[in-house]
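Please read the structure below before turning to the comments.
The values are calculated or read from the model by the stated rules, or taken from the named source; none is laboratory data. In this text, all values refer to a predicted model and were calculated from it rather than measured experimentally. Reconstructed Cβ throughout: ideal geometry from the backbone, glycine too, with neighbour counts over all protein chains shown.
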Amino acid sequence: MGSGRVSEMAQTRTVRRVGLVEDHESVAIGLAAMLGPEPDLELVAVAESVAGLLAETSDLDLVVLDLRLPDGSAPEDNVTALREHDIEVLVFTGADNAFLVRSAAKAGVLGVLRKSESVATVVEAVRRAASGEQVVTTDWAAAIDGDPKLSDVGLSPRQEEVLMLYASGEKASRVARLTGLSEQTVNDYLGRIRQKYADAGRPAPTKTDLYKRAVEDGWLPVPERQQRT
């Protein structure tokens, strides 16, 4: 492949716009240094609060969010405010507070990442989350696994079957073939499942959210917890 073709591909590569909500200057400098060499990731805004960031710009693919902020805001409220602007969220924290992690996770974050992770791990997590992919980590799994207050949504056995298949990655058409249902019936089941979760105060509007709920309720296994190296 000629150098001209490589250059053309580099120019047409999608650049993901990233914001950071963080009150420690050293963390902001560190993340900027990590993302600086990456041609597909650009840190375009940094603020000490979600309100401050949104006042600057909402044209973002991802916000990297600290759980503890000086304005005392709740993680769940911060995530909700960002999701209302169709911005994905990746939690970036040094705190060992499972309650705060659960609060953010229930509002719809794509993952929870420790500030102590390696540069390569952080960059890859930001890249995946900025593309809308879930970033399954030990901390996210541990918070879900340890939550004693999840509301039961009362799924029927058939709904459980549809949820497990669909949330594990199957398309509705494939779920229909595996269960012997029509595709319309599968979609009807998914609508009812989403409504039951919404009624229980645990909304699941996206497939990623349904995956999270399936893990929380034990229909799918908690992601394997890898040992830190």
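Remarks
- Screening the candidates 35, 43, 65, 53 for the property of being under 14 Å from the mean Cα position of the chain (by Cα) and at pLDDT 95 or above yields one hit, 65.
- Failed item, numbered, when residue 85 is tested on (1) in a helix (DSSP H, G or I); (2) at pLDDT 85 or above: (1)
- Test: residue 20 is modelled with pLDDT of 95 or more and assigned by TED's automatic domain parsing to the domain that holds residue 117: yes
- Flag for residue 206 being outside the structural domain of residue 102 (by TED's automatic domain parsing) and within 19 Å of residue 76 (Cα to Cα): yes
Results for (1) modelled with pLDDT of 90 or more; (2) farther than 19 Å from residue 108 by Cβ, shown as yes or no for each residue.
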| residue | (1), (2) |
| --- | --- |
| 148 | no, yes |
| 157 | no, yes |
| 162 | yes, yes |
| 166 | yes, no |
| 171 | yes, yes |
| 179 | yes, yes |
| 199 | no, no |
| 207 | yes, no |
| 212 | no, no |
